[in-house]
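The structure appears right after this line, and notes come after that.
Just so it is clear, none of the values below were taken in a lab; they were calculated from the coordinates. This is a predicted model, so every value here is computed, not measured. For neighbour counting, all protein chains shown are included, and Cβ atoms are generated from backbone atoms with ideal geometry for every residue, glycine included.
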Amino acid sequence: MGDIHSILRTVFGYDSFRPGQEEIVACLASGGHALAVMPTGAGKSLCYQIPALARGGLAIVVSPLVALMQDQVAALKLTGVAAETINSSANREANVAVWKRVAAGDVRILYLSPERLMTERMIGALRQLEVNLIAVDEVHCMSQWGAAFRPEYDALKSLRTAFPGVPIGAFTATADEVTRRDITAKLFGGAVQEFVAGFDRPNIRLTVKPKNNSKSQLLEFVTGQRGASGIVYALSRKSVEELAAFLSAKGFRAVAYHAGLSAEDRAEAQNLFMTETGIIVCATIAFGMGIDKPDVRFVFHADLPQSLDAYYQEIGRAGRDGRPAEAHMVFGLQDIQMRRRFIDDEGAGPERARREHKRLDALVSYCETPDCRRQSLLGYFGEFSEPCGNCDVCLEPVDLVDGTAEAKLVCAAITASGERFGAAHIADILLGKASEKVMNFSHQSLPMFGKGSAHSRSYWQSFIRQMVGGGLLTIDVAGFGGLSLSAKGRAVEDGTTAFRYRPDMVRVARKDKRTSVASDNGEADPRADALLARLKALRLRLAKARGVAAYIIFSDRSLIDMAQKMPLTKWDFGEVNGVGASKLEQFGDIFLEEIRSFASATAPQR
């Protein structure tokens, strides 16, 4: 077996390992299994490339993206390592030629996608060779508990039986404790050495702002970053192209990148970004995995990311050189509604949908937190931090209001109901709403039932999210989304500490009983009024078909609330005033179809 320090120096040209690398390398080089969670930019690739060379024979690296495999192979070849990849972008003749070199023992590291590796033919052929190491990159993709599950990764769980005695290394930048447990059980049968190097990237300044006009907010931000390389993430391909054109028209060197572009166009955009300074890539999540450009100075989210896991990975593409970088996000209510709709439309089953809704809850809690953002972000991954002094909350504190009494009420409701219910149920208890679930568990008998009726549902939902973001409550993402008290929450409950919250993040329910809809500034909202008219017409048609009075279907108050909130998913429709479980089941799809049709036809062009 080769000396790992000698390989580090002579092959890769480094005098010493980065923090956390050497222990992982030593584990794999000596034949042990390793599960490594390392921050983006911490040098994961070396942690399996060096053991691959030290052990000799053939190493298999499983990677999810063709572009990522090609980049890694090209980089290894430049260092003199015999690396190859067999993938769908090459023609059959090229792949056959590579396999002949592999079979002849001329290749040290072979990169494969999980789909290509986990075929009976490929496994059988590899078992005839001297495979001495297997590395699985982006291993979080194999966990159904994770936020980026890919079914093709699930087949990797049979690797340890197909290659008994061969050390397996699993690598990711983002995996919470539940995800790590699932990976450990699936890939290693429970026997693996874990290395969690920490999630903090203290050089990245974290900022989140409410969205009012994303284009003008983006322009203001990048104007202060002129000449710097950066990534702008947006939700849709259309938004990506519009933002790239907008920035180009303002004098910035901006290019679009998304999966709808041709392979040539994507490669051109990526090459420009990697080789020149001052390039801004406007992209969907299709861009970024495996991008190792050290001088990315900012990541701007023009739309809400998928989850905190995704957000962490995406902002981790900034500041890999250790110098100051910025992660700036703008988010609004429509972003949350759209994300909920994506989850509901995914069709992955109720269990996964529930977990993804809870992950989204955690992300919104981070956006609305009254405390240090870094504490909230690291707390999600189970890591403690002091206030960082490098986020917008620390650097530009907002006015906070004492919410200790309200927080104690929330804590009391959570404790009394057994720390197993989600925010919606806790809000029902506080509001005194005798929902079917409340009645089933006799929670109408709890002392705090109705004690929060002075506030609206939207108030309590935002307040609870801020308690999560502030570290007082934790969400059981892997289970049913139940809320439980942390040590900090128990300190509030027993009166030994206080809680202050951000009133600017609380949307207070309107008590206006007019049959027109007011906008946020109190003036009439023509768009909402137009939707209200359509909803009333729909209600009348349904009432006539059933032979009942219109108000039996929904009251005017319910329709006004619908027009204000414009829910796009059943999750959000269930939060409309007057929508219980039965009406949600009977009328949810019908009214949502009308609202979605209206929203699509009248959506403002961005």
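Under 5 Å between amide hydrogens, built in the peptide plane, is the criterion, and for Q193 it picks out H33, A34, L35 among residues at least 5 positions away or on other chains.
With neighbours defined as other Cβ atoms within 10 Å of a residue's Cβ, the residues V299, V232 order from fewest to most as V299, V232. Quote to one decimal, in nm, the extra length available between M274 and K77 on full extension: 0.36 nm per residue of separation minus the C-alpha distance between them. Here the answer is 69.1 nm. Comparing A97, V222, G169 along the charge dipole axis of the chain, the residue lying farthest to the positive side is V222, per the Cβ-charge model.
Between the alpha-carbon centers of the stretch 5-61 and the stretch 169-204, tell me the distance in whole angstrom. Measuring centre to centre over Cα atoms gives 16 Å. Simple point charges give the picture: +1 on the Cβ of Lys and Arg, -1 on the Cβ of Asp and Glu, and for the stretch 398-505 a dipole about the Cα centre of about 80 debye. The modelled label-to-label distance between D399 and S555, using points 7 Å beyond Cα along the C-beta direction, is 3.3 nm. In order along the stretch 450-465, the phi-based Karplus estimate (6.51 cos²θ - 1.76 cosθ + 1.60, θ = phi - 60°) of 3J(HN,Hα) comes to x, 6, x, 5, 5, 10, 8, 4, 4, 4, 5, 5, 5, 4, 5, 4 Hz; Gly and Pro are listed as x. Relative to the longest principal axis of the Cα atoms of the chain, helix 92-103 runs at roughly 60 degrees. Ranked by the mean number of other Cβ atoms within 10 Å of their residues, highest first, the peptides 250-259, 338-347 come out as 250-259, 338-347. From the alpha carbon centroid of the stretch 116-142 to that of the stretch 382-400 is 44 Å. Note the angle between two axes, namely the Cα long axis of helix 350-368 and the longest principal axis of the Cα atoms of the chain, as a number of degrees from 0 to 90, rounded to the nearest 10. Around 80 degrees separate the two axes. Among the listed pairs K544/K570; K536/K570; K437/K570, those whose Cα-Cα separation exceeds 21 Å are K544/K570. Label positions at A533 and A162, each projected 7 Å from the Cα along the C-beta direction, are separated by 6.2 nm. Along the axis of the charge dipole computed for the stretch 526-602 (Cβ charges of +1 for Lys and Arg, -1 for Asp and Glu, origin at the Cα centre), the listed residues A563, T602, A543 are led at the positive end by A543. Extension gain for the segment I123 to D392, taken as residue separation times 0.36 nm less the Cα-Cα distance, is 91.7 nm to one decimal. Extension gain for A90 to S6 (0.36 nm times residue separation, less C-alpha to C-alpha distance): 26.8 nm. Efficiency by 1/(1 + (r/R0)^6): what FRET value for D476 and S236, r their Cβ-Cβ distance, R0 = 51 Å, to the nearest 0.05? According to the calculation, E is roughly 0.95. The distance between label points at A155 and K250 comes to 4.6 nm (points 7 Å beyond Cα on the Cα→Cβ vector).
Spatial offset of the stretch 567-606 relative to the stretch 432-449 amounts to 26 Å, using the alpha carbon center of each.
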